[in-house]
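Here's the structure we're looking at; comments come further down.
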Amino acid sequence: MIDLAKANKNLWKEITDESADIRNCFNCGTCVSGCPAAEAEPPLLIRRLARVVLLGLEDELLEDGTPWICVTCSACEEMCPMGVHPFELCLSIRRWQSKKDETYIPSAVTEIFQRGHTQPVGKVQELRKSLGLEEVPPTIVKFPELLEKFQAILRETELVKENDYMFRL
Ligand code: SF4
Ligand code: SF4
């Protein structure tokens with residue numbers, strides 16, 4: 001149950017740029033319909049995030065890792081009929097989460113470390129096959145030796161060194 005008594009009514013002002021007033025969002029879902037990350041598990045649902053921001057549900061927003069799986073394709077920016085700039089909203093939420101809790105490490109970061117992607121590619125293999133493509137895409141998942149090198153580079157970063165318990169394989 002949503003407890004609006006604890007809601008921060010000014011949250012949308014703290015998060016968004018006034019030039020893109022998210023109060024114009026009428027929850028049409030167009031941004032979700034063309035978003036590749038809406039197929040992820042859990043899905044990135046920009047229209048839901050806009051609602052969470054407008055309702056001022058800080059705790060819920062702070063725990064939501066889905067803005068970090070946005071692949072920055074900007075499709076939603078093109079499609080939104082109300083000029084809400086959903087992609088910018090996504091980035092703004094990331095910035096807000098990072099400022100709000102400096103120790104915050106989104107689960108997407110550990111997933112990228114483990115497999116080079118934020119999502120397992122298994123679910124797209126059937127689709128690729130039906131399109132006549134190789135089942136495994138020619139990305140880092142196809143080259144385990146490159147994934148090892150990628151992980152070795154990441155192990156040199158302060159983020160991984162200081163939080164090594166989160167980056168074990
Ligand atoms: S920019 Fe991000 S939120 Fe927008 S459609 Fe692309 S993946 Fe989805
Ligand atoms: S497309 Fe724009 S108006 Fe429609 S739900 Fe997404 S952000 Fe809101």
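Things worth noting here:
- Solvent-accessible heavy-atom area per residue, rounded to whole Å², over the chain at 1.4 Å: 62
- A Förster radius of 25 Å, combined with the Cβ-Cβ distance separating Thr139 from Leu91, puts the computed FRET efficiency at roughly 0.60.
- Asp17 - accessible surface, heavy atoms, 1.4 Å probe, Å² rounded to 10: 100
- Counting only Cα atoms, the chain measures 50, 43, 31 Å along its principal axes, largest extent leading.
- Rounded to the nearest 500, the helix-only mean residue ellipticity at 222 nm of the chain stands at -12500 deg cm²/dmol, with each DSSP H run of n ≥ 4 adding -39,500 (n - 2.57).
- Mean separation of Cα contacts under 8 Å (6+ apart) over length of the chain, as relative contact order %: 19
- Note that region 71-169, at 37 °C in a medium of 0.692 mPa s, gets a Stokes-Einstein diffusion coefficient of 203 µm²/s from its Kirkwood radius over C-alpha pairs.
- Share of carbon and sulfur in the accessible heavy-atom surface of region 1-88 [1.4 Å probe, %]: 52
- Only Lys, Arg (+1) and Asp, Glu (-1) charged, at Cβ; region 42-169 dipole about Cα centre in debye: 280
- Length gained when the stretch Glu78-Asp164 is fully extended (0.36 nm per residue, less Cα-Cα span): 27.0 nm
- Taking only alpha carbon atoms, region 7-103 gives an Rg to Rh ratio of 0.93, where Rh is the Kirkwood radius.
- Compactness relative to 2.2 N^0.38 Å, alpha carbon Rg of region 42-97: 1.05
- Span from the region 26-66 Cα centroid across to the region 104-169 one, whole angstrom: 23
- D_trans [Stokes-Einstein, Kirkwood Rh over alpha-carbon pairs] for region 12-60, 37 °C, 0.692 mPa s, µm² s⁻¹: 282
- In range of the label at Glu14: residues from region 94-124 whose backbone nitrogen is under 18 Å from the point 7 Å along Cα→Cβ: 94-105
- For Lys161, the lysines whose Cα falls under 18 Å of its own Cα, not counting residues fewer than eight places away in the same chain, are Lys149.
- Charge-dipole axis of the chain as Lys and Arg at +1 and Asp and Glu at -1 on Cβ define it, positive-most pick from Asn24, Val160, Val53: Asn24
- Linear extension gain, Lys99 paired with Cys28, 0.36 nm per residue minus alpha-carbon span: 22.6 nm
- ³J(HN,Hα), Karplus 6.51/-1.76/1.60, whole Hz, each residue of region 49-58, x for Gly, Pro: 4, 4, 5, 4, 5, 5, 7, x, 8, 4
- Sparsely packed chymotrypsin sites (Phe, Trp or Tyr not before Pro) within region 3-96, loop by DSSP, other Cβ within 10 Å at most 16: Phe26
- Computed lengthening from Arg155 to Lys6, 0.36 nm per intervening residue step minus Cα-Cα distance: 49.7 nm
The values are calculated or read from the model by the stated rules, or taken from the named source; none is laboratory data. All values derive from a computational prediction rather than experimental measurement. All Cβ positions, even for glycine, are placed from backbone atoms using ideal geometry, and neighbour counts span all protein chains on display. Side chains included, ligands, DNA and RNA excluded: accessible areas come from the protein's heavy atoms. Shrake-Rupley method; radii C 1.70, N 1.55, O 1.52, S 1.80 Å.
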